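The values are calculated or read from the model by the stated rules, or taken from the named source; none is laboratory data. None of these values were measured; they are calculated from a predicted model. Neighbour counts run over all protein chains shown; Cβ positions are idealised from the backbone, glycine included.
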Amino acid sequence: MSAALPYLRALRKSDLVTLAELSDMKDFADMKKTELEAALDTHLSQNKTRLSHEAKLSDYYERLARPPRGSPIKKEPKAEMSSFDGSTPVKRSTRRRSVKPKEEVEATDDSDAPTDKSSPAPEPDLAATQTPARPTIKFPSLPPSPAVVTDAIDRQTTRVRKSVSEAWDQSGMTERTHSLRSLLSSVSTIQTLVLVLELFSVVKAIMPWRKFTIPAIESLNTSSCTHNIPDLFNTFHPAFWSPLMLWTTTSVVLPSVIAYFFDINLKMSQSGTHVTTRRAAAAAADKAKACGDPLVFNVAKALIATIVYGSGFTFWNLFNNSSVMKVVDSVPGGLQGLLTSSAICTLGSLYEAILRK
C-alpha cells in the first residue's frame, strides 16, 4: 500500500475507471471498487516514470512523493514521585512550647518514625510506548452509480455484438444467405419447387416401400435394425410407369411445348424500337435464354389439368382411368392443388413482367 492509496479511495469508481483508461491499465472492467483501487495503485506506482507527466495524475503522484506519516505516539503521564522523603520537609504547624531539650528530641524521633513507614517506594518511570496502527477494515464496496452500471453494460453488449458479427462474417453465412435469396427470388425457382413437390408425391404413391432388416452382427456387437426402402422391382410393372408418364405429360411436356411456341415475350421484344438502351438489351438477352414464357406455361398447365383430371380425358385411351385417379390422389390437394400452384406461378409471372417494364 502506497501513501497515495487514500487519495484513490476518496474517488468515485467512475473516476477510477477514467484513470485506469488513461494509464492503459488492462482487465479492470470486472473489478470491484476496492480491487480497482489496489490494482490501480500498484499499476501507477510501477509506471511512475511514464505517467508522471499526465495532468490528471498529478494529484496522485504529488501524494505519492510525500513521506509516509507514522502513527501518533501516545505517552503515558509520568508518575509523580512521593514527596514524603527526607529531602522535602513536611510543613507542619506546631506551637511553641517550653519543654526540655530531651523531650524535643524524643518528640522529633517519634514524629519521624511513622513518616518513614508511610512513605511509599518510588515507582519506576513508564517507558513511552508507540500505539500500533489501526488495522484497515475492508468494508464491502458500495454499489456504483447507475451511469457506471449503464456504461459497463453498454461495453459488454458492444463486445458481444462485435464478436458475434465477426464470427458471422468469418463463417461466410452472409454471402450464402444472399446467394440463396437471389436464387429463390424468381418465378422459375418457385415453379421448379412446385414440380419437384408434385413429382415426389406421385413417386411416393406409386412406389411401394418394403421393410428391410439388417441382421445382428456379433463380431461388431450390433443389434438387428429395420429400415423402410423403396421396392425397385416395382419399376418393371406398367402400374408404375403409367401414372408417372401421365403426370410428366400433363405437367411438364405439354406446358413446355406450348410455352415455347406461344412465347409472348419474344414477340414483344422483336416489336420494339431500333434505338435500345443497355438495360433493354440486357432484358432481351435474358428473354432469349429462356425456353418459354412462364405465364403461358402455367396457364397451359392449368388448362390441361382441368381437361385431363377434371373431365377424365385419357388421351384417346392412351392412359387408363386408374392412372388418372392415381395422379389426382397423389398430388397434394388433388386437382385444386394443381390449379392453385398454377395460379400462384401465373401471378408471379405477371408481377415479374410488370417490374421488368
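Quick check, is Leu44 assigned to a helix (DSSP H, G or I), at pLDDT 80 or above and under 20 Å from Arg155 (Cα atoms)? Spelling it out, it is not the case that Leu44 is assigned to a helix (DSSP H, G or I), at pLDDT 80 or above and under 20 Å from Arg155 (Cα atoms).
Quick check on Ile190: is it touching a Cys at 6+ places or on another chain (Cβ under 9 Å) and of a type outside the set (Phe, Trp, Tyr)? Spelling it out, Ile190 is indeed touching a Cys at 6+ places or on another chain (Cβ under 9 Å) and of a type outside the set (Phe, Trp, Tyr). Taking region 293-357 and the helices (runs of 4 or more DSSP H) fully enclosed by it, the elements with 3 or more residues that are at pLDDT below 90 and either out of contact with any Asp or Glu (no Cβ under 7 Å at 6 or more places or on another chain) or under 19 Å from Ile258 (Cβ atoms) (or both) are at 334-356. Every condition in (1) small (Gly, Ala, Ser); (2) within 16 Å of Ala152 (Cα to Cα); (3) in a helix (DSSP H, G or I) holds for Ala38 except the one numbered (2).
Could you check region 232-267 and list, in sequence order, the residues that are exposed (fewer than 13 other Cβ atoms within 10 Å of the Cβ) and in a loop (DSSP other than H, G, I, E, B)? Result: His237, single match. Residues in region 330-346 that are farther than 14 Å from Gln191 by Cα and either surrounded by 15 or more Cβ atoms within 10 Å (Cβ to Cβ) or touching a helix residue (DSSP H, G or I) at 6+ places or on another chain (Cβ under 7 Å) (or both): Ser330, Val331, Pro332, Gly333, Gly334, Leu335. Given the structure, is Leu19 surrounded by 14 or more Cβ atoms within 10 Å (Cβ to Cβ) and over 22 Å from Thr150 (Cβ atoms)? So Leu19 does not fit the description; no.
Of the set (1) exposed (fewer than 10 other Cβ atoms within 10 Å of the Cβ); (2) β-branched (Val, Ile, Thr); (3) touching a Leu at 6+ places or on another chain (Cβ under 8 Å), all apply to Thr189 but (1). Looking across region 319-329, the residues that are farther than 13 Å from Ala239 by Cβ and either among the β-branched types (Val, Ile, Thr) or touching a residue at least 24 places away in the same chain (Cβ under 8 Å) (or both) come down to Val324, Val328, Asp329.
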